[in-house]
Amino acid sequence: MNGPVGLAENQKSWMQLGTTVAVLERARNLELAQVGLNMPQTEVLYCLSISKEPMTPMKLSRMMHKQPHTVSALVHRMERQGLLTTKRDLKRKNWVRVSLTKRGEEALKRWASANMVPDIFSSLSRKETDALSAITKKLHNRGLELLRQMKPDPYAEPLFW
């Protein structure tokens, strides 16, 4: 190989965004470790705290944009840690309801007080914050469109390569 691969501007932007997210996630996980949590756990705690209806692992996976088996394993680990409980639904026996425990509510408060990394946004002006919000919403929506296009139809014939 003679030299570096030439990347298009979109590819360079993608790499820059990925590197930024990796750095901020690492910093946030280190900060959360000081209060006994990690980012996936805080996502679950937050989703449960804002939900107006009973939550199931499937609903959580949809809210978090994660695979159901990933969220299910996370829920079971968090249940063993005493952060939440699961109960079989009395009407729909195949459904599991997930709810916060007292310990989970305390963890949610600890999470809310760990704000050094999120406060990084105070280095942005109001105009920059608004622009970032608009950009991330646009990228999120376009990403969801791409996921819908790329996700195979579960009832379609299997692909053979």
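The values are calculated or read from the model by the stated rules, or taken from the named source; none is laboratory data. Because the structure is a prediction, the values reported are computed rather than measured. Virtual Cβ from ideal backbone geometry, glycine too; neighbours counted across all protein chains shown.
Does T56 satisfy the criteria of being under 25 Å from L144 (Cβ atoms), of a type in the set (S, T, N, Q) and out of contact with any strand residue (DSSP E or B) (no Cβ under 8 Å at 6 or more places or on another chain)? In short, no.
May I ask you to verify whether M15 is at pLDDT below 95 and under 30 Å from V5 (Cβ atoms)? Considered against the rule, which asks whether it is at pLDDT below 95 and under 30 Å from V5 (Cβ atoms), M15 comes out as yes.
May I ask you to list the residues in the range 95-109 that are out of contact with any Gly (no Cβ under 8 Å at 6 or more places or on another chain) and among the hydrophobic types (A, V, I, L, M, F, W, C)? Within the range 95-109, W95, V96, V98, L100, L108 meet the criteria.
Among the residues of the range 87-104, some residue qualifies, meaning at least one is part of a helix (DSSP H, G or I), touching a residue at least 40 places away in the same chain (Cβ under 8 Å) and on the phi < 0 side of the Ramachandran plot. Evaluation of Q67 against the conditions (1) under 18 Å from S51 (Cβ atoms); (2) without any contact (Cβ under 8 Å) to a residue 24 or more places away in the chain shows that the sole unmet condition is (1). Residues that are in a helix (DSSP H, G or I) and either touching a helix residue (DSSP H, G or I) at 6+ places or on another chain (Cβ under 9 Å) or crowded, with 18+ Cβ neighbours inside 10 Å (or both) within the range 32-48 comprise L32, M39, P40, Q41, T42, E43, V44, L45, Y46, C47, L48, listed in sequence order. Every test in (1) touching a Phe, Trp or Tyr at 6+ places or on another chain (Cβ under 9 Å); (2) farther than 17 Å from M39 by Cα is passed by W111 save one, and that test is (2). Restricting attention to the range 51-64, does a residue exist that is under 21 Å from R103 (Cα atoms), in contact with a Phe, Trp or Tyr (Cβ under 8 Å, 6 or more places away or on another chain), at pLDDT 95 or above and in the same structural domain as E106 (by TED's automatic domain parsing)? Looking for residues that are under 21 Å from R103 (Cα atoms), in contact with a Phe, Trp or Tyr (Cβ under 8 Å, 6 or more places away or on another chain), at pLDDT 95 or above and in the same structural domain as E106 (by TED's automatic domain parsing), one finds none in the range 51-64, hence no.
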